[in-house]
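Engineer: Here you go, one structure.
The values are calculated or read from the model by the stated rules, or taken from the named source; none is laboratory data. Just so it is clear, the model here is predicted, and its values are computed rather than measured. Heads up, the Cβs are rebuilt from the backbone with ideal geometry, glycines too, and the neighbour counts pull from every protein chain shown.
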Amino acid sequence: MVGLSVATLASALDRAVFWLNLYRTEDKTAHRILEASRYSLADASMLARQAGAQPIARFMYAALRLRNPTPDSFRLAMETASEHEFEKMEKGNKLLETVVALAPLMGLLGTVTGLMHTFENLNVGSGTGIDTGKAAAGIGEALTATAAGMIVAILAMIILRICVTLGAQQLSYFAQVGGELELIYRQNWFEPSMAELDRSCRSIESRYKSDETNRLESFGDDRLNARPLGDPLENMDAEISVV
């Protein structure tokens, strides 16, 4: 029971430090990266890489480090990073779940063994009387183990629920920031580049059609200006008459 209590306190301290550091810096970091991404993806990627100790920065860097990605690839990179970061956030939850399940059972086991020890010391079959005071004290000590197990389990459950709630909030926050970053990428970078590429293709196509039209017109003019050869028989008759 002491070991479970120590594990619960250690996990609570570790999660408290983690979440306090996270909430203290992530809003500022996300805002800086989003603002930078409006003007330069390279600068935004550099800021995210420099703040790599923060989950939100690693989440955004997973998409910003890609070169000329499609919107689907951009979103997929963030979704994959989000799942990875969420697994890290749940690092201490498994231990707390174990404590919640194990602490009451350990307390109950302590109670059962305590009662067995108490009844053994009562000497029920002997001719002497039963000391009810000692029996009550033994039973009270045995029940203390159950109470201790329940207290540890309740504390672990409270800490676990807090961590799960904070994790769910982070997942929602990641989705919000990721959606905003994807929207910036679409409006400021991907769609303008696609529009520029479309204009370039149209310009090349128009120039090609113009050159083809000019070439066909030039070929037609050459045919019209060509000297007619005439009928070969008429040419032979003309030559014979001359002779």
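Engineer: Can you tell which of THR8, THR80, THR29, THR25 is among the β-branched types (Val, Ile, Thr) and either outside any helix (DSSP H, G or I) or surrounded by fewer than 14 Cβ atoms within 10 Å (Cβ to Cβ) (or both)?
Structural biologist: After applying the criteria, what remains is THR80.
Engineer: To continue, here is another question. THR144 versus (1) polar (S, T, N, Q); (2) exposed (fewer than 12 other Cβ atoms within 10 Å of the Cβ); (3) at pLDDT 65 or above: which is the lone unmet condition?
Structural biologist: So THR144 meets the others, but not (2).
Yes or no, residue by residue, for (1) closer than 30 Å to THR113 by Cα; (2) within 18 Å of the chain's Cα centre (by Cα); (3) among the polar types (S, T, N, Q):
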position	(1), (2), (3)
LEU4	yes, no, no
THR8	yes, no, yes
ARG24	no, no, no
ARG32	no, no, no
ASP43	no, no, no
GLY52	no, yes, no
THR80	no, yes, yes
LEU96	yes, no, no
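Engineer: A follow-up question, please. Closer than 30 Å to ASN188 by Cβ and of a type outside the set (A, V, I, L, M) - does that describe any residue in the stretch 3-18?
Structural biologist: No, the stretch 3-18 contains no residue that is closer than 30 Å to ASN188 by Cβ and of a type outside the set (A, V, I, L, M).
Engineer: Turning to a different aspect of this structure: When you scan the stretch 95-102, do you find a residue that is surrounded by fewer than 19 Cβ atoms within 10 Å (Cβ to Cβ), modelled with pLDDT of 90 or more and either on the phi < 0 side of the Ramachandran plot or not in a helix (DSSP H, G or I) (or both), even just one?
Structural biologist: Looking for residues that are surrounded by fewer than 19 Cβ atoms within 10 Å (Cβ to Cβ), modelled with pLDDT of 90 or more and either on the phi < 0 side of the Ramachandran plot or not in a helix (DSSP H, G or I) (or both), one finds none in the stretch 95-102, hence no.
Engineer: Report whether or not ARG67 is modelled with pLDDT of 90 or more and more than 23 Å from SER5 (Cα to Cα).
Structural biologist: No; evaluated as a whole, the condition is false for this residue.
Engineer: Shifting gears a bit: Do the conditions hold for ALA62, that is, is it part of a helix (DSSP H, G or I), farther than 18 Å from LEU171 by Cα and of a type in the set (A, V, I, L, M)?
Structural biologist: no
Engineer: Which numbered condition trips up ALA195, out of (1) closer than 16 Å to ALA62 by Cα; (2) modelled with pLDDT under 65?
Structural biologist: Unmet for ALA195, out of (1) closer than 16 Å to ALA62 by Cα; (2) modelled with pLDDT under 65: (1).
Engineer: Do we have any residue at all in the stretch 12-19 that's under 17 Å from the mean Cα position of the chain (by Cα) and either of a type outside the set (Phe, Trp, Tyr) or not in a helix (DSSP H, G or I) (or both)?
Structural biologist: No, the conditions are met nowhere in the stretch 12-19.
Engineer: Taking ILE56 as meeting all but one of (1) in a loop (DSSP other than H, G, I, E, B); (2) touching a Ser or Thr at 6+ places or on another chain (Cβ under 8 Å); (3) not aromatic (Phe, Trp, Tyr), write down the number of the exception.
Structural biologist: Failing condition for ILE56: (1).
Engineer: Moving on to the next point. Answer yes or no as to whether MET60 is touching a Phe, Trp or Tyr at 6+ places or on another chain (Cβ under 8 Å), at pLDDT 90 or above and closer than 18 Å to LEU183 by Cα.
Structural biologist: no
Engineer: On to the next question. Taking the condition of being without any contact (Cβ under 8 Å) to a residue 12 or more places away in the chain and hydroxyl-bearing (Ser, Thr, Tyr), how many residues in the stretch 40-91 meet it?
Structural biologist: Total satisfying the criteria: 2.
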